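Here the structure comes first, spelled out in structure tokens, and everything after it is commentary.
Readers should treat all values here as calculations from the given coordinates under stated rules, not as data from a laboratory. Since we're looking at a predicted model, the values are computed, not measured. Backbone-built Cβ (ideal geometry, glycine too); neighbour counts: all protein chains shown.
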Amino acid sequence: MDILIVTPRADFWNGLNGVFEKRGASVRTACAMPEALASLKEKKAALAVLDLFGGEAWSGAEHADAMKKAVISILMQDAMTNTASVCGMGDETFHDAMEGLGMICDLPAQPSADDVDDLLGRLLVILGQA
Amino acid sequence: MLIAIPSCLPGGLDANMGMHFGHCDIYTLVDIEDGAVKEVRTLDPIPHHHGGCMAPVQYLANAGVKVLLAGGMGMRPLMGFQQVGVEVFFAGMFPTVGAAVQAFIEGRLQPFTLEFTCGGGHH
């Protein structure tokens, strides 16, 4: 399965490559949304991981607005693309702020290998490959 | 033309509308021909995982559904339906499937636009 990570910190995600490899996922990165949308247009992805803020602390409304805008731009291009955010916004905020967007989950701002593995497990269930 | 309506059990024209397509009890499928109901049958829903709201979209499209009459839906599945060529109409004000179908036949339903979308991680 192909996964696109939108992130300004590719080095951080390189450190998690083993988790993706273990799940049989191939990963590509884009440094910002314009590049991500162009990449998705060229080649679909099963999952877009939106690490838009590079590990910054969750700011609330400002980050929520930016995240919603990013997810909607992906859905408008291809609603079949699954998405997950990397914000550490908490479950209640995630439910309220991202409602209706059909995102899988929100990861902590500094996701661990276990966090990523859990996300990939959920993705496999959605894809019917678990 | 095959239309689908999220329904409460047992489905059919006399059943209550299921107010959310992704979590309904059952789908009622109605085949419309020459402005009249030709056939009514039901279709079981499929499991809905968090974030997996495209599965029912693809499921209904694969069943040959061309139109969906819905009371509630999130933005993602609405966009998904549009992208797979299924027209969605808002029918949240009707108590029964039959009333919604009749309104559709009479051209009284509005397209389900983004302003009608509801949310929730459950959607």
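Here are some notes:
- Whole-angstrom gap from segment A:43-71 to segment B:55-106, using each part's C-alpha centre: 29
- Its Cα centre serving as origin, the protein assembly as shown has a Cβ charge dipole (Lys and Arg +1, Asp and Glu -1) of approximately 520 debye.
- Each label was represented as a point 7 Å from its Cα along the Cα-to-Cβ direction; for residue A:21 and residue B:34 these points are 6.7 nm apart.
- Inter-site label distance for residue B:82 and residue B:43 at 7 Å from Cα along Cβ, in nm: 2.1
- FRET efficiency, 1/(1 + (r/R0)^6) with R0 22 Å, evaluated for residue B:103 and residue B:23 via beta carbons: 0.45
- Among A:45, A:79, A:61, the residue with the largest mean-square fluctuation in a Gaussian network model of chain A, with springs joining Cα atoms closer than 10 Å, is A:61.
- Computed FRET value (nearest 0.05) for residue A:114 with residue B:110, which takes r as the C-beta separation and R₀ as 45 Å: 0.45
- In nm, spacing of pseudo-spin labels at residue A:92 and residue A:38 (7 Å Cα→C-beta vector): 4.2
- Residue of B:42, B:113, B:28 that the Gaussian network model of chain B assigns the largest fluctuation, springs spanning Cα pairs under 10 Å: B:113
- Using the Cβ-Cβ distance between residue A:31 and residue B:9 with R0 set to 51 Å, the FRET efficiency works out to roughly 0.55.
- Relative contact order of segment A:2-126, pairs being alpha-carbon contacts under 8 Å that are 6 or more residues apart, as %: 26
- Scaling the Cα radius of gyration of segment B:2-116 by the globular reference 2.2 N^0.38 Å produces a ratio of 0.94.
- Candidates per GluC sites (Glu not before Pro) in segment B:55-123, loop by DSSP, up to 14 other Cβ within 10 Å: B:106
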